[in-house]
1. Which one is modelled with the highest pLDDT, of the residues in segment 43-85 that are assigned to a loop (DSSP other than H, G, I, E, B) and farther than 16 Å from Lys5 by Cα?
2. Can you name every residue in segment 17-31 that is over 18 Å from Leu68 (Cα atoms) and surrounded by fewer than 14 Cβ atoms within 10 Å (Cβ to Cβ)?
3. Just checking, which of Tyr80, Tyr94 is surrounded by 19 or more Cβ atoms within 10 Å (Cβ to Cβ) and among the aromatic types (Phe, Trp, Tyr)?
4. Starting from residues that are surrounded by fewer than 18 Cβ atoms within 10 Å (Cβ to Cβ) and of a type in the set (Val, Ile, Thr), keep the ones in segment 207-257 and report whichever is modelled with the lowest pLDDT.
5. Mind listing just one residue for me: the one in segment 258-267 that is in a helix (DSSP H, G or I) and in contact with a Leu (Cβ under 9 Å, 6 or more places away or on another chain) and, of those, surrounded by the most Cβ atoms within 10 Å (Cβ to Cβ)?
6. Check Pro127 against each of (1) over 27 Å from Phe31 (Cα atoms); (2) at pLDDT 85 or above; (3) more than 13 Å from the chain's Cα centre (by Cα); (4) not polar (S, T, N, Q) and name the one condition it does not meet.
7. Return the residue satisfying two criteria in turn: it lies in segment 187-201 and is part of a helix (DSSP H, G or I) and at pLDDT 80 or above, and of such residues it is nearest to Trp120 (Cα to Cα).
8. For segment 174-206, name all the residues that are crowded, with 16+ Cβ neighbours inside 10 Å and either more than 19 Å from Tyr249 (Cα to Cα) or charged (D, E, K, R) (or both).
Amino acid sequence: MIIEKIINNNIISAYDEAGAELVVMGRGIGFGTKPGKKVPEARIEKVFEIKSASVAKKLKELLADMPLEHVEISNDIISYAKNNLKLKLNQSIYVTLTDHINFTLERYKQKIQPKNALLWEIKRFYPQEFQLGQYAVQLIGKRLGIRLPEDEAGFIALHFVNAEYGTDIRDALKFPNLLKDILDIVKNELKIELDEDSLHYERFVTHVKFLLQRIYRKELLPDEEQELVQMMRKKYPQEYICSQKVAEYIEKATGSKISGEEVMYLSIHIRRVTMSEEEEEKDV
């Protein structure tokens with residue numbers, strides 16, 4: 001391998017014999033050398049072969065001013081996900097997760113620990129990724145002595161949800177107009193306007209995106225909560241009928257059958273997103 005650029009003392013970019021671009025990590029690997037020289041093999045700890053030129057560029061920019069410990073932790077979490085949980089990940093995870101962990105640790109120093117409004121949904125619909133988030137939090141605690149809350153495990157889990165199978169919750173939906181149409185169904189069916197600044201609206205939109213992604217990945221929930229389904233049908237008939245119409249639209253658009261349990265969760269979110277603060281207090 002030949003050095004292309006010294007990013008910092010611990011990170012360099014290089015080319016292998018086939019001309020592939022590499023990002024190489026190792027303590028002191030960039031010290032006392034220069035572009036055009038051979039990479040000191042004894043100092044190599046990790047080699048990133050990034051096929052996407054844009055991802056490689058972002059990774060090099062990101063690593064330039066980042067503590068090596070943060071990079072190592074992120075890399076070890078990704079390796080655990082690949083080797084132990086057998087997750088198939090988009091290479092962008094090296095950029096997004098490393099950047100997130102570094103930012104999280106900087107926020108921790110400033111005593112800023114945001115709440116994760118989607119924690120329940122993440123635990124329910126992505127248990128494997130949440131387990132990975134918990135592993136990451138434990139690893140950070142072991143390596144750096146920093147105890148991060150459960151909310152952070154949820155944030156980390158979302159990065160893996162986004163990176164799996166090359167999909168992204170926001171951008172890789174197979175049917176880009178579905179979300180807008182679903183929101184229109186809810187507004188027209190219940191004859192309401194939705195407060196787009198509310199937390200319940202954000203949760204509902206994210207839930208729908210999760211649902212669409214599960215359809216894309218063929219991971220829909222089975223019918224296992226029949227008693228809860230019947231309870232929702234009786235307690236909130238309007239919202240349940242609305243959720244059925246949303247499900248019918250999704251089935252027609254995607255060709256995927258939506259289970260009664262999925263319909264139930266849709267009705268719960270529709271109920272919440274349509275409630276005023278006064279109604280919510282009475283409903284609790």
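1. Among them, the one singled out is Asn84.
2. Correct list: Glu17, Ala18, Gly19, Ala20.
3. Exactly one residue qualifies, and that residue is Tyr94.
4. Only one residue tops the list, namely Thr254.
5. In the first step, residues of segment 258-267 are kept if they are in a helix (DSSP H, G or I); the result is 260-267.
This time we only want the ones that are in contact with a Leu (Cβ under 9 Å, 6 or more places away or on another chain), so: 261-262, 264-266.
Details: Glu261: 17, Glu262: 23, Met264: 21, Tyr265: 22, Leu266: 27.
Going through the qualifying residues, I end up with Leu266.
6. Here Pro127 clears every test but (3).
7. Looking at residues that are part of a helix (DSSP H, G or I) and at pLDDT 80 or above, I get His200.
8. Answer for segment 174-206, where residues must be crowded, with 16+ Cβ neighbours inside 10 Å and either more than 19 Å from Tyr249 (Cα to Cα) or charged (D, E, K, R) (or both): Glu189, Leu194, His200, Tyr201, Arg203.
The values are calculated or read from the model by the stated rules, or taken from the named source; none is laboratory data. Note that the coordinates shown come from a computational prediction; the quantities given were computed from them, not determined experimentally. FYI the Cβ positions are ideal-geometry reconstructions off the backbone, even for glycines, and counts take in every protein chain you see.
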